[in-house]
Amino acid sequence: MLRVQDLCKTLPNGRKLLNGISFSVEKGEFVGLLGPSGAGKSLTLRCVLGLTSATSGSVDFESPDGNTHSICDLRQNQLRRVRCHIGVIFQGLNLVQQLTVLENVMIGKLGCIHPLRSWLYGFTDREAREAFEALKEVNMESFAERRAYSLSGGEMQRVAIARATFQKPSFYLADEPVSNLDPKNAKAIMKILAQLAKKTSVLGVFHQPDLIAKYCTRVIAIKGGEVVYNGDPKISPRKLADIYGDELQELEISQQNGQELKQMVPATG
Ligand SMILES: Nc1ncnc2c1ncn2[C@@H]1O[C@H](COP(=O)(O)OP(=O)(O)OP(=O)(O)O)[C@@H](O)[C@H]1O
Ligand SMILES: [Mg+2]
């Protein structure tokens, strides 16, 4: 579905941000991307989406019709069409605060419908019903008429997922979709993503090795712009220490805090 080969991004001053990243993601996989801050995880996702150009290397994406698109070589209008097959779930999520939850879900498709229709007619009743169904999938249908600014972080994150699923993509990219959530909400979002991955593919950045171990089917670790691990999501403590170095202690402390919090929050079903 997705093949990233020897992706490099070098700044004009010679600093290498990505230094030969290669991996692939197949249908049905839920791949967790982890690594220290500044490792190049978000940049890799941006290159996959064609939002940032790579200095060299390739990103091949197979759309549901079986065609393979070489993302790095596409023009803007071609890129827009390919991106319709990719659902993007980012942290903090660029919801339009003044719009309702339902409207926020529907605008996820704006880039995929003909501009004339989006200017003149807006969305059809059928699309509104489908958007409502997408909200139901994440238990947010009762919030459909609420303005986005009134939602909690966990609720916003669910709306962001509904917005991505409404697009009916064949591939999901998620950048830290659970970072600002309490353990209960983080677990709920991971469950939703794992469910989505069964029929599509999900590539997501996470800073929580325990959640990756529990929900992902594979993990790829990036450090200093290079892939340093690609395999079993249950990473050994020794390997984690390799990957994170000095940051590990900080991570352990924040996870201990999460554990304490978890004990105070009732488990989700
Ligand atoms: N457009 C850019 N111009 C210059 N430097 C950039 C650009 N985009 C990213 N960088 C740098 O590239 C490095 C990797 O950034 P990236 O956003 O991929 O980190 P990350 O692995 O996602 O980290 P975090 O976990 O903190 O989100 C960082 O040092 C960042 O400052
Ligand atoms: Mg990042």
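For the chain, what is the mean residue ellipticity at 222 nm derived from helices alone (per DSSP H run of n ≥ 4: -39500 (n - 2.57); sum divided by total residues; nearest 500 deg cm²/dmol)?
Calculated mean residue ellipticity at 222 nm is -12000 deg cm²/dmol.
Only four residue types carry charge here, +1 at the Cβ of Lys and Arg and -1 at the Cβ of Asp and Glu. Report the dipole size of region 1-95 about the Cα centre in Debye, rounded to the nearest 20.
Taking the Cα centre of region 1-95 as origin, the dipole is about 400 debye.
How much length, in nm to one decimal, is gained on full extension between K191 and A128, taken as 0.36 nm per residue of separation minus their Cα-Cα distance?
20.1 nm is the gain from fully extending K191 to A128.
What does a probe at T55 reach in region 1-41, counting residues whose amide N is under 13 Å from the point 7 Å along Cα→Cβ?
Within reach of a label on T55, which here means backbone N under 13 Å from a point 7 Å along Cα→Cβ, region 1-41 contributes 7-21.
Show me the GluC sites (Glu not before Pro) within region 1-100 that DSSP assigns to loop and that have at most 15 other Cβ atoms within 10 Å of their Cβ.
E26
Going down the table (K136/K199; K16/K214; K168/K198; K27/K214; K136/K168; K16/K41), which pairs top 22 Å between alpha carbons?
Over 22 Å apart, Cα to Cα: K16/K214.
How large is the convex hull of the Cα atoms of the chain per residue, expressed in Å³ as a whole number?
Looking at the chain, the number lands at 142 Å³ per residue.
What's the ranking of 40-47, 124-131, 64-71 by average number of surrounding C-beta atoms within 10 Å, highest first?
40-47, 124-131, 64-71
Just order 54-61, 139-146, 12-19 by mean Cβ neighbour count inside 10 Å, highest at the front, would you?
54-61, 139-146, 12-19
Could you tell me the relative contact order of the chain? Use alpha-carbon pairs under 8 Å, at least six residues apart, and round to a whole percent.
26
In the chain, what percentage of the DSSP-assigned beta bridges are antiparallel, given to the nearest 5?
Of those bridges, close to 55 percent are antiparallel.
For the pair R75/N180, report the inter-label distance in nm, with labels modelled 7 Å from Cα in the Cβ direction.
That separation, rounded to one decimal, is 3.8 nm.
Subtract the Cα-Cα distance of K136 and Q98 from 0.36 nm times their separation in residues, and report this length gain in nm to one decimal.
Answer, rounded to one decimal: 11.6 nm.
Any read-out appearing in this document is the output of simple, stated calculations on the displayed coordinates, not a laboratory observation. If you're wondering where the values come from, they're calculated on a predicted model, not measured in any experiment. Ideal geometry is used to build each Cβ from the backbone, glycine not excepted, and the neighbour counts take in all protein chains shown.
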